Amino acid sequence: MRHLRALIAVVEEGSIAQAADRLLRTPAAVGNAILLLERRFRAPLFERQATGMAPTHFGQTAYKRARRVAAELDFARVELAPYAVSTNAPIFSMVVGERQLHALVKLREMKHMPSVAAVVGLTQPAVSALLRDAENTLRLSLFRRTAKGMIVTEAGELLIFRLRRVLAELRHLEADIAQLRGEIAGKIQFAALPSLRTRVLPKAISTLSSRHPDVQVSMVDAPFEVLFAGVQSGEIDFILTGLSADYFHRDFRIRVIGRDRLVVVARADHPLTHHDFIDPATLLHYPWVLRDRGAPTRELLNDVFRRLKLESPRVVAQAGDLGLLRGLLYSSDAISAVSPEYLAYEIASGSVKVLNVDLPGTEREIGFILRRDAQPSALCEKLMQHIETAAEGVLIAERT
């Protein structure tokens, strides 16, 4: 963080000497910060010229990300002003270490200081000292000590939201620089519709990893409101999901890649599989297994039943996990509504049957949800491209 602060000053001032005056540091300290960044990135960030320091393509790329980091901290300063925060606190000026940011974010998640210490590689007293230093310099309480652990305050929540975005920008910076070196490396964190985890995602991820073995892909599974918050905070790069009209009104950027539809499924010897045609009202006599409330599949199905002037299905289990869904279908009279792609292998083998029932209006758009002002790394863009390619022939209609 300190080194990126120096990089911003050198790019904007055009020389190490002027950057040093601006930062109230010695020219040697600023020059050393640039050298350390160049070693970290294994790339030249500046061309040393008689007229000053001219950023290379690597330097310009790093500068753009560093500026986004600075902007997030400026937003935090403004948002916390009503709490009488010390606006000169080091955390707002990019002079706090990345590890302290990680510790604060993890403490909000885990609420337990020893657990945070183990995750970030510090002792518990060191984590306690980091928190104490942050609160003292901000003149602000970030956490409340309770019997249930460390509970973030309202002001702490505002700050940590911005710190998550800062850490996401730093993660993307590493991937951007690696890509400029001709390497594809880094981390991607995303969430995805269960129906595309059967064939589309394995194919896309396998293609990416076979070409770029240094890439690490992590998929997050959580309730949708948690996923949306993760996209807004930058911790999740994108969500691949069924889209509802509500998503277009939120502060997201949406990229539609196709459509799919829902079918009602049951085990092969289920009583309903012997019917040539099933009235939708008959489905309400059976227990259902569906995703959690707020999931696109569930909301779409509820809308269909409302339009038919029927009650919502009686949900006996909320299960987004394929193994659990499959087990519940096999062992009971439960039914479910899914994309046929989700149970593609089971339907093909005949162990699961698609029921002959007409539920009009169950087609939906499928696409990527990203933060509106996000700047995805080149690595993230590559994975999304591989997903679109793998989805060809699987999703309904033309990709848009």
Task: Filter result (in a loop (DSSP other than H, G, I, E, B) and under 13 Å from residue 190 (Cβ atoms)) within the stretch 228-259 - done: 234, 235, 236, 237
- [ ] Only residues in the stretch 224-235 that are in contact (Cβ under 8 Å) with a residue 12 or more places away in the chain count as the first member; pair them with residues that are among the aromatic types (Phe, Trp, Tyr), Cβ under 6 angstrom, at least 6 apart or cross-chain, and list the lot.
- [x] 233/161
Open item on the list: Filter the stretch 294-327 down to the residues that are surrounded by 19 or more Cβ atoms within 10 Å (Cβ to Cβ), touching a strand residue (DSSP E or B) at 6+ places or on another chain (Cβ under 7 Å) and not β-branched (Val, Ile, Thr) and list them by number.
Closed with: 296, 298, 300, 301, 313, 319, 325
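Quick grid of which residues meet (1) within 22 Å of residue 308 (Cα to Cα); (2) within 26 Å of the chain's Cα centre (by Cα); (3) part of a helix (DSSP H, G or I); (4) among the hydrophobic types (A, V, I, L, M, F, W, C):
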site	(1), (2), (3), (4)
348	no, no, yes, yes
353	no, no, no, no
361	yes, no, no, no
366	no, yes, no, yes
370	no, yes, no, yes
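Name the residues in the stretch 189-227 that are among the small types (Gly, Ala, Ser) and either modelled with pLDDT of 90 or more or part of a loop (DSSP other than H, G, I, E, B) (or both), would you?
Quick first cut of the stretch 189-227, residues among the small types (Gly, Ala, Ser) only: 191-192, 195, 204, 206, 209-210, 218, 222.
Answer for the stretch 189-227, where residues must be among the small types (Gly, Ala, Ser) and either modelled with pLDDT of 90 or more or part of a loop (DSSP other than H, G, I, E, B) (or both): 191, 192, 204, 206, 209, 210, 218, 222.
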- [ ] Please identify the pairs in which a residue from the stretch 269-298 that is within 15 Å of residue 332 (Cβ to Cβ) has its Cβ atom under 9 Å from the Cβ atom of a residue that is exposed (fewer than 15 other Cβ atoms within 10 Å of the Cβ) and of a type in the set (Ser, Thr, Tyr), counting only partners at least 6 apart or on another chain.
- [x] 272/282
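The values are calculated or read from the model by the stated rules, or taken from the named source; none is laboratory data. These figures come from a predicted structure and were not determined experimentally. Glycine gets a Cβ as well: all are built from the backbone with ideal geometry, and neighbour counts include every protein chain shown.
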